[in-house]
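Derivation of every value follows stated rules applied to the coordinates shown; laboratory data play no part. In this text the structure is predicted, and so the values were computed from the model without any measurement. When we count neighbours, we look across all protein chains shown, and the Cβ atoms used for this are built from the backbone with ideal geometry, even at glycine.
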């Protein structure tokens, strides 16, 4: 009797209520093994998602005539909604199949009813996986399938749907492609990026539940030959997606499109993961018999995080903790058993609120007999590159000839003590990862084997390293950067920085030292300022969209004065000096705010654009009518970033600018520099006080003439008063003398 009839996974569906709660499933294979008798042992884990009870799974069967045994473990529920609302659950069971010696592939199939109530009215579902059993010429082992899964319940507000990143990790390093399954309809207005396995929207997405059935397939990245037990062979060309895949695994999941929420800003209502959380796609390591822990942290400023939804292996425990500041954390603990050896266990998680959830992040936990030697590495981060140095002493017997970066075309160097590599954030296979409140640039040093090697005695090496930057921060407090006071990171522009300086004269070469802040100036004298941009991209232009003055270091102060607005010069004393495409040098006459204000801070909004882009903000220049501004285009310009300089402190009295040399404009105060927080975009207009000050500045000549005339008038009046007063005294004296004579 065939195994398809004798050894199926038979679990009855319990009633209509349980049947109408299928949220999806996934199948993950362990590395297949060849037995001494030539048969193949294939072990896989099946996860199924549902609503309230997930301990029962429908049948999965081996293709007829292929399996000689089909040993199934007990299915266990691994996750449930801990809030008591019964919104999701997940179960996992594992099966070991023995496949006949003369077979070239192994295939699994299953079906069931019913999908959760959905927009398309779909009910029945089918599961499928197929593995090629040829021995690979590059690894001399059987092929390993892509690893994938999802959390049970995915929920996204209608106005916030942009993408859902799916886990697609291949143990052999093959190229994984994702496509919609040919035996299931594709929900309207959705697309999948085949190369990145990312689900996106292509139009208006209405509220309701959508169900998705995707096929993940892997293709070799180099030419290989597959050799089968029956003596036949097959050739696979590198990256040939038209040839049969080495493995294909079906992934099924549902997405509930929720009603709109007030704000889609990450961390507002939707939780955002904080920097200590692993990045999507990370490979973590666990050891048999030792407790492995995964820590994740999220925050939502205007919602309470109630739980973390997790998709993980059996016996993984979850410890949840929250605080009063909208932060919450989860610690996942798992102790791999001997049967988990060499397993690549997918783990996905989301942070949950009552109204929505965070993005889904997924990692792969690789189980080994003993911990992989990590080595001791130091990483130096600079504005546009990172340098790693691996200590030889921490890894005795290491051979740098068999080490490579993520991109093998980039070479490593070495000396007697260290193995070193240096790379920009856009080269050598460096990946950019948005970690929520920060952005990380990641790379790896890995060992490799030669294609014709049958055995090896070299240790496996895997050293991951990264540079992590807050998305908006004054870098001087984080890294020892000599040229940039501010650094920003965006996925399309990498890392870029700005320096905002005050200079001593119009040559813009001698800047005011940090020890001279606050910078003391006198009214009406020229202030020379310059902004310099640094970017790892070679062809970019700097554009200063706005500059405004405030009497303190709060750029949102309602008392403000525009120097530059919408790219247009607003103050008549501003002069822009010629500079290169990444510099902006200008001068302005010193002023102060009317009232009891002795200081001025300057805040500017700056943008970097790719050169030659006719639709970028840089190309638009001055916009008198801001409503005509075109929308920002991806990969054409950065977002506007705010940088501040100051304070300027006023001393002495106003004098004509011609009476003072340029070198006397600024004086050292000997006080430490003032620290300004990263500014944000202001929505305020110039105040009445700023307007009156502007009127006075525009009439400085009249002011001098008026003051001179007034002084002359006072002197003349004093002379006249003194003359008449003296004359009156003389007349009184004469009268007294005459009166005396008469007496």
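Here are some notes:
- Relative contact order of the range 496-578, defined on C-alpha pairs under 8 angstrom at six or more residues apart (%): 23
- Cα-based radius of gyration of the range 89-216 once divided by 2.2 N^0.38 Å, which approximates compact folds: 1.23
- Computed log₁₀ I(q)/I(0) - Debye formula, equal Cα scatterers, no solvent, the range 3-260, q 0.17 Å⁻¹: -1.32
- One decimal place: the segment residue 323-residue 339 gains 1.9 nm when fully extended, by the rule 0.36 nm per residue minus the C-alpha distance.
- The range 3-260, relative contact order [Cα under 8 Å, separation at least 6], %: 20
- From least to most packed, judged by other beta carbons within 10 angstrom and beginning with the fewest, 35, 548 follow the order 35, 548.
- You can think of it this way: the chain between residue 159 and residue 380 has 75.5 nm of extra reach, that is 0.36 nm per residue less the Cα-Cα gap.
- The range 267-299 residues near the modelled residue 331 label - backbone nitrogen below 16 Å, point 7 Å along Cα→Cβ: 276-278, 291-298
- Sorted fewest first by neighbouring Cβ atoms within 10 angstrom, 34, 442 come out as 34, 442.
- Nearest-0.05 FRET efficiency for residue 188 and residue 102, computed from C-beta distance (R0 35 Å): 0.20
- With a simple spin-label model that places each label point 7 Å from the Cα along the Cα-to-Cβ direction, the separation between residue 74 and residue 239 comes to 5.0 nm.
- Relative contact order, whole percent, for the range 211-284 stands at 32, derived from Cα pairs under 8 Å and 6 or more residues apart.
- Ordering 432, 205, 651, 42 by the number of other Cβ atoms within 10 Å of each residue's own Cβ, fewest first, gives 651, 432, 205, 42.
- Over the range 126-183: Rg over Rh, Cα atoms, Kirkwood Rh: 1.08
- Protection proxy ranking, peptides 294-303, 324-333, 95-104, average beta carbon neighbours within 10 Å, highest first: 294-303, 95-104, 324-333
- Annotation for residue 117 and residue 228: the two label points, set 7 Å from Cα along the Cα-Cβ direction, are 4.9 nm apart.
- Length available on full extension from residue 295 to residue 427: 0.36 nm per residue minus the Cα-Cα distance, which gives 44.5 nm.
- Cα point-scatterer Debye curve for the range 553-594, base-10 log of I(q)/I(0) at q = 0.24 Å⁻¹: -1.01
- Nitroxide proxy distance, nm - points 7 Å out along Cα→Cβ at residue 126 and residue 407: 4.2
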